[in-house]
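Input: a single structure, listed below in structure tokens.
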Amino acid sequence: MKKELQVLKALANKKRLEILRLLNKELMLRLTEISEKIDLSYKSTSRHLLILSSASLIRQKREGSWMIYSLRKESRKIITDISYLK
């Protein structure tokens, strides 16, 4: 039950939904790219990414000095379902 609540809390924010939709479209992005595309500071974007990662909605991997973010395979259905509600 705790994991479900984490996911719902993560999805309850407009900017985090925007990040998820962006990752669904772009596949892999760096923090700087995400921040620029959603018009948010690096610090705020990083905080949103941490919440999404804690809810197991996204994954991150290090490439050199960059952190690369991508949508977890299991999250694609959630994003599709949410987009349907528009």
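Read the figures in this text as sums done on the coordinates, not as results from a lab. Keep in mind it's a predicted model, so treat the numbers as computed, not measured. Reconstructed Cβ throughout: ideal geometry from the backbone, glycine too, with neighbour counts over all protein chains shown.
Quick check: residue separation of Ile82 and Asp39 times 0.36 nm, minus the Cα distance between them. What number comes out in nm?
Taking Ile82 through Asp39 to full extension adds about 13.3 nm, to one decimal.
Please list the non-local residues whose amide H lies under 5 Å from the amide H of Met67, H modeled 1.01 Å from N, same-chain partners needing a gap of 5 or more.
Those qualifying (amide H under 5 Å, at least 5 residues apart or on another chain) are Leu31.
Helix-only mean residue ellipticity at 222 nm, the chain, DSSP H runs n ≥ 4 weighted -39,500 (n - 2.57), per residue, nearest 500. What is it?
Computed mean residue ellipticity for the chain: -19000 deg cm²/dmol.
Which ³J(HN,Hα) values in Hz, rounded to whole numbers, follow from the phi angles of segment 35-40 under the Karplus curve 6.51 cos²θ - 1.76 cosθ + 1.60, where θ = phi - 60° and Gly and Pro get x?
Values per residue, Gly and Pro as x: 4, 5, 6, 9, 6, 9 Hz.
Relative contact order, percent, of segment 2-76 when contacts are C-alpha pairs under 8 Å separated by at least 6 residues?
Across segment 2-76, relative contact order equals 35 percent.
So what is the orientation-averaged projected area of the chain, using the convex hull of its C-alpha atoms, in nm²?
So the mean shadow area of the Cα hull is 5.5 nm².
Rounded to the nearest 20 debye, what is the charge dipole size of the chain about its Cα centre when +1 sits on each Lys and Arg Cβ and -1 on each Asp and Glu Cβ?
In debye, rounded to 20, the chain gives about 240.
So what J values fall out for segment 72-81 if you push phi through Karplus, 6.51 cos²θ - 1.76 cosθ + 1.60 with θ = phi - 60°, rounded to Hz, Gly and Pro as x?
Working through the residues one at a time gives 5, 3, 5, 7, 4, 5, 4, 5, 4, 5 Hz.
Assuming 0.36 nm per residue, please report the length gained on full extension of the stretch Thr32 to Leu50 beyond their Cα-Cα distance.
So the chain would gain 5.0 nm between Thr32 and Leu50.
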